[in-house]
Amino acid sequence: MNFLQTLKLSIKNIISNKMRSILTMIGIIIGISSVIVMVAIGNGSSKNIMGQIQSLGTNLIYVSVMNNNKITTEDLSKINKIQGVKNLAPSLSINATLSFDEISESYNVTGVRGEFSDIRQLNVASGRFISDVDDENRSKVLVIGSDVASDLFQFLNPVGQSVKVNGESYKVIGVLESQGSSMSGNIDEMLIAPLSTTVTLAQTTNITSLYIETESEKMVDLVTNNLEMYFTNKFNSNRSNKKTYTITSQKQLLETMGSVTKTLSVLLGGIASISLIVGGIGVMNVMLVSVTERTKEIGIRKALGGQRGDIMSQFLIEALVLSSMGGLVGVTTGLGIGSIVSKFGINVAFSMKVTLIAFSFSMVVGIVFGIFPAYKAAKLKPIDALRYE
């Protein structure tokens, strides 16, 4: 019997037992669609996170000092001369109470200069950002995040409103566009004031953090290494087991998040693949039942000259057809579910590679779990098969 005849016979046997075949394929369908959807969601989340990080610029470095250490004006001058440094923006953060009418909330106030918005790529939705003039005059003005604006002012226009920060009157001059969290906190929940004003408010001259923009992404590693050397010498961190500063770059963050999300996608795909194994066991179970039901048919074929290889290939092809049909339906179902899920705001990114691997795996499952039933059918002796009741 040639391959085409065997294939036709396999399809005929599958169709003659529609309900059993459908129930058998459900395991394969669930497995394939689960792998496709889970990996697509993992990839979508990964691309979304990576996109947010990249939107902040891959040439940004963040320095934070701890344990009462500080960055001085002299430090800023020296750091600005490091090869590869394009621009820098010092900042000082303190906790303060913001009051408006009868509403009073605790927020993080960050004191900055005008260049901060360019380095952090912040856009103002209404009003304006802090200027160098505001810093020089120690102006009591604020730029607030979108969440702060909605929480305190609700339907009012925040720009021009007077608020109190730790009991002192400040004027809101701008509202930032919503940006969400970054490596240094949630921009939407920030209060931004002139650096000189914040220094007075905090009653300290200690600058605790610094944003550095490099000339290009290629210069990030060089600048980071030079910063490590500079702050190690300054704070004598090499004499202590604990560093008193941290240096984080967007590039490092991208690499870390890329590794984490890739591992997560593989983990999700691996978990979903378990259902494919379960589906394969279902295929083997059904094929064993089929061998038992068609024992006499096998005996007749062998009595008429059928070879062991013919019998084995027949059941193996039948198992392969069954798993392939389930794989095709599973791929279609997975793509459909993924498309529906994306309508609910969940980031989904389909992978043609993963789809092909999942479908190929379903065929492998059919072969692996079809071998034993096919072998069992092929080794039956004609006389025993013909006597079987």
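The values are calculated or read from the model by the stated rules, or taken from the named source; none is laboratory data. Not measured: the values here are computed from a predicted model. With ideal geometry, Cβ positions are generated from the backbone for all residues, glycine too; neighbour counts draw on all protein chains shown. Just the protein is used for accessible areas: all its heavy atoms, side chains included, with ligands, DNA and RNA removed. Shrake-Rupley method; radii C 1.70, N 1.55, O 1.52, S 1.80 Å.
The distance between label points at Asn166 and Val368 comes to 6.5 nm (points 7 Å beyond Cα on the Cα→Cβ vector). Using 0.36 nm per residue and subtracting the Cα-Cα separation, the extra length available between Ser150 and Lys353 on full extension is 68.7 nm. Short-range pairs are left out: with C-alpha atoms under 8 Å and at least six residues apart, the relative contact order of region 99-179 is 37 percent.
When a/c reaches 1.5 or more, the comparison of a/b and b/c decides; with that in mind, is region 72-122 rounded, prolate or oblate per its Cα gyration tensor? Intermediate values should be presented prior to the final figure.
Working: a/c = 4.87, a/b = 2.52, b/c = 1.93.
It comes out prolate by the Cα gyration axes.
Listed values for region 20-34 are Karplus-derived 3J(HN,Hα) couplings in whole Hz (6.51 cos²θ - 1.76 cosθ + 1.60, θ = phi - 60°), namely 5, 5, 5, 4, 5, 6, 4, x, 5, 4, 4, x, 5, 5, 5, and x replaces Gly and Pro. To the nearest 0.05, what FRET efficiency results for Asn226 and Ile274 with a Förster distance of 45 Å applied to their C-beta separation? Working from the Cβ atoms, E equals 0.40. Taking 0.36 nm per residue of separation and subtracting the current Cα-Cα distance, fully stretching the chain between Thr58 and Ser178 would add 41.2 nm.
What FRET efficiency would be calculated for the residue pair Tyr375, Ile337, taking the C-beta separation as r and a Förster radius of 41 Å, to the nearest 0.05? Each step should come with its number before you reach the end.
Details: r = 36 Å, r/R0 = 0.89.
In this case the efficiency is close to 0.65.
Measuring r between the beta carbons of Thr200 and Val124 and using R0 = 30 Å, the FRET efficiency lands at 0.80.
Here the label points at Ser106 and Val289, each 7 Å from Cα along the C-beta direction, are separated by 6.4 nm in the simple model.
Per residue, how large is the accessible surface of region 97-233? Use a 1.4 angstrom probe and give square angstrom. Please report the intermediate quantities before stating the final value.
On the way: 6400 Å² over 137 residues.
With the other protein chains kept in place, region 97-233 gives 47 Å² per residue.
For a modelled paramagnetic label at Lys218, 7 Å from Cα along Cα-to-Cβ, the residues of region 62-99 in reach, with backbone nitrogen under 15 Å, are 84-85. Stretching Phe344 away from Gln307 to a fully extended chain increases their span by 7.7 nm, per 0.36 nm per residue minus the current alpha-carbon distance. For region 195-283, with all protein chains in place and a probe radius of 1.4 Å, 58% of the accessible heavy-atom surface sits on carbon or sulfur.
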